[in-house]
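Here the structure comes first, spelled out in structure tokens, and everything after it is commentary.
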Amino acid sequence: MKINNSLAKARWESLPCECGKGVINSFPIKECLHCKFEQSWLSVPQKNFTFNDDQYDKNFKLIKKQTRTVKEITLVRGERFQDVIGWNF
Ligand SMILES: [Zn+2]
């Protein structure tokens, strides 16, 4: 898998983790941006994947059954923290 727009270190990675810094028994006091952005990053596929890409005509009749393999994606990042908002191919 080729990942375009990847960074050696995104800005969000410098944010400190603030988990567990709230009052005991009232978790979460504050959303931890570090962990939120880390989750987004971890949800990015790291390996090639295949999906169903069957072709239909305008009457929704199946023309051709096929699958497509994605080998390259491009990350979409937030401006402020460079966090991963999404990705496309
Ligand atoms: Zn955290």
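One table, with the values for the structure above:
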item: Restricting region 1-18 to residues that are loosely packed, with under 13 Cβ neighbours inside 10 Å and within 16 Å of the ligand (Cβ to nearest atom), the residue that is modelled with the highest pLDDT; result: SER14
item: Residues of region 58-89 that turn out to be loosely packed, with under 10 Cβ neighbours inside 10 Å and among the acidic types (Asp, Glu), as a count; result: 1
item: Matching option when the condition is without any contact (Cβ under 8 Å) to a residue 60 or more places away in the chain and more than 16 Å from ILE3 (Cα to Cα), among PHE89, PHE81, PHE37, PHE49; result: PHE37
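For every residue, the table says whether it meets (1) away from the ligand (no atom under 16 Å from the Cβ); (2) modelled with pLDDT of 95 or more; (3) not acidic (Asp, Glu).
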| site | (1), (2), (3) |
| --- | --- |
| LYS36 | no, no, yes |
| SER40 | no, yes, yes |
| VAL44 | yes, yes, yes |
| ASP54 | yes, yes, no |
| LYS61 | yes, yes, yes |
| LYS65 | yes, yes, yes |
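The values are calculated or read from the model by the stated rules, or taken from the named source; none is laboratory data. These numbers come from a predicted model, not from an experiment. FYI the Cβ positions are ideal-geometry reconstructions off the backbone, even for glycines, and counts take in every protein chain you see.
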